[in-house]
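The values are calculated or read from the model by the stated rules, or taken from the named source; none is laboratory data. As the structure is a computational prediction, the values presented were derived from the model and not from experiment. Positions of Cβ are generated from backbone atoms using ideal geometry, with glycine treated the same way; all protein chains shown enter the neighbour counts.
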Amino acid sequence: MKLPAFVSDLSMPPVEYHQKLRQWSREMREHSPIIWEDDSQSWLIFRYDDVTRVQSDYQTFSSEGTVGKKEKQQAKDGTSIIEMDPPRHRQMRSLVTQAFSARTISGMAPQIEQIVDELLDGIIARKECDWMVDLANPLPVIVITNMLGLPLEKWPSFKQWTDAIVNESADAPEATKQFSGYFDEAIKKRQQQPGSDILSLLISAEVDGERLSYQSLMSFCFTLFIAGNITTTNVLGNAMLCFNENPEELERLRRQPELVPSAVEEVIRYMSPFRAGPNGLVLGRVAKADVEISGQLVRQGEYVQVNRLSANFDEQHFPEAERFDIGRNPNHHQSFGHGIHFCLGAPLARLEVRTVLEKITQKFRVLRIVPDTQLKQAQSMLIFGVQSLPMEFQVA
């Protein structure tokens, strides 16, 4: 079957679009929990338990493969960690686990707090705000640029390039070329003079007694940089959409700042930065054997994609799932994935969003989207977010 036309309608206002996605996903969970999607030639699944199963059972559902292409031989060099199964995935992920551990990330809190303070104070000084331009875009890019030891003053270019690559725009080839040039220079520099950044760590790391190849280093750079900023940027924007639609929850957060950690999780659950339709290898697997999902036979070699948005609103796991509740507990959402490919950058994303929510409740008495603003979706079939977010505020 084909998906409803609105699923690929990027011209629809984002809040209305999200409401329609929730309604459609609810209907699918109830009546058609797994469907064959004609355009992507893949199965799309909607229920929470099926979504977690596909992401967890890597022996049955492999990350090594792509839709519409012949099965490819998985070389050790140049393959993204997202496209790997164990044992190779375990070996490669272990190289950066320490750099992204909760303990390591917590040590970055003062640095991130300083960046957020500077960005918000700049907004206050200018007396105007486009939330995406002034905070949501720069914060994650500046943080990951620092972590990789790249030139900080180039962050606007890095942001432009990563957006082009993710959105597969006409500028993507040139963006990839430019980005590769910076990574190439950075790798050569650290091979001669190692530092304490993640890139230096990767250069010195070994897998099976061998150093990573140049191609593997480049693959890691692209994966870490793109994953390290695109999704967090949109979570920060989507948070404002959530609170604008539910202003009582922002007031609740001001009264109960201890709810900030659970508010972060609820924003990520309620308005995940991923879309609900088929959207590529990031959310998909290939069946390695015939298997049944919700009564449907999936044959070996067929592609299976998960609808994380639908899983996050599954009534069997989230009471009053349609309600935005910053005190929701437990909140085992699927926005970071599940299993061996659980988002490596989750602690970093949580810290960045938590810091922003803490600061806005301290610095602003009023913070809301300018009334009657015609909001536009981010033009991406993978990422859900908003292009621009003019906001009005009153300083606390």
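Would you check if S294 is in contact with a Ser or Thr (Cβ under 6 Å, 6 or more places away or on another chain), of a type in the set (S, T, Y) and under 18 Å from W43 (Cβ atoms)? The answer is no for S294. Of the candidates Q23, Q19, the single residue that is exposed (fewer than 15 other Cβ atoms within 10 Å of the Cβ), more than 21 Å from the chain's Cα centre (by Cα) and either at positive phi or at pLDDT 95 or above (or both) is Q23.
Taking the criterion of being among the β-branched types (V, I, T) and more than 12 Å from S157 (Cα to Cα), the only residue of segment 173-190 that qualifies is I187. T145: polar (S, T, N, Q), crowded, with 18+ Cβ neighbours inside 10 Å and part of a helix (DSSP H, G or I), yes or no? Answer is yes for this residue. Restricted to segment 350-385, and to residues there that are hydrophobic (A, V, I, L, M, F, W, C) and within 26 Å of D171 (Cβ to Cβ), the residue that is modelled with the highest pLDDT is L375. For segment 112-134: of the residues being in contact with a strand residue (DSSP E or B) (Cβ under 7 Å, 6 or more places away or on another chain) and assigned to a helix (DSSP H, G or I), which is surrounded by the most Cβ atoms within 10 Å (Cβ to Cβ)? Here the answer is W131.
Listed here are the residues, each with its yes/no results for (1) under 19 Å from I383 (Cβ atoms); (2) β-branched (V, I, T); (3) free of Cβ contacts under 8 Å to residues at least 60 places away in the same chain.
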position: A136; (1), (2), (3): yes, no, no
position: E153; (1), (2), (3): no, no, yes
position: S157; (1), (2), (3): no, no, yes
position: I165; (1), (2), (3): yes, yes, no
position: K177; (1), (2), (3): no, no, yes
position: D184; (1), (2), (3): no, no, yes
position: K188; (1), (2), (3): no, no, yes
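Residues that are in a helix (DSSP H, G or I), touching a helix residue (DSSP H, G or I) at 6+ places or on another chain (Cβ under 6 Å), crowded, with 21+ Cβ neighbours inside 10 Å and not hydrophobic (A, V, I, L, M, F, W, C) within segment 326-354 comprise just one, E352.
For segment 166-179, the criterion of being modelled with pLDDT under 90, crowded, with 20+ Cβ neighbours inside 10 Å and part of a helix (DSSP H, G or I) is satisfied by at least one residue.
Is it true that L236 is buried (at least 22 other Cβ atoms within 10 Å of the Cβ), at pLDDT 85 or above and over 21 Å from I112 (Cβ atoms)? Answer is no for this residue. The set of residues from segment 336-374 being closer than 16 Å to V260 by Cβ and in contact with a strand residue (DSSP E or B) (Cβ under 6 Å, 6 or more places away or on another chain) comprises I360, F364, L367.
When C343 is tested against (1) of a type outside the set (A, V, I, L, M); (2) closer than 14 Å to P273 by Cβ; (3) free of Cβ contacts under 8 Å to residues at least 60 places away in the same chain, just one condition goes unmet, and that condition is (3). Exactly one residue out of P86, P156 is closer than 27 Å to S216 by Cα, out of contact with any Phe, Trp or Tyr (no Cβ under 6 Å at 6 or more places or on another chain) and not in a helix (DSSP H, G or I): that is P86. No other residue among L297, L259 is under 30 Å from Q394 (Cα atoms) and more than 19 Å from the chain's Cα centre (by Cα) apart from L259. Filtering segment 40-56 down to residues that are of a type outside the set (S, T, N, Q) and in a loop (DSSP other than H, G, I, E, B), which residue is nearest to V7 (Cα to Cα)? Filtering segment 40-56 for residues that are of a type outside the set (S, T, N, Q) and in a loop (DSSP other than H, G, I, E, B), the one nearest to V7 (Cα to Cα) comes out as F46. So in segment 97-111, with the set limited to residues that are outside any loop (DSSP other than H, G, I, E, B) and more than 18 Å from the chain's Cα centre (by Cα), which one is surrounded by the most Cβ atoms within 10 Å (Cβ to Cβ)? The extreme case among them is T104.
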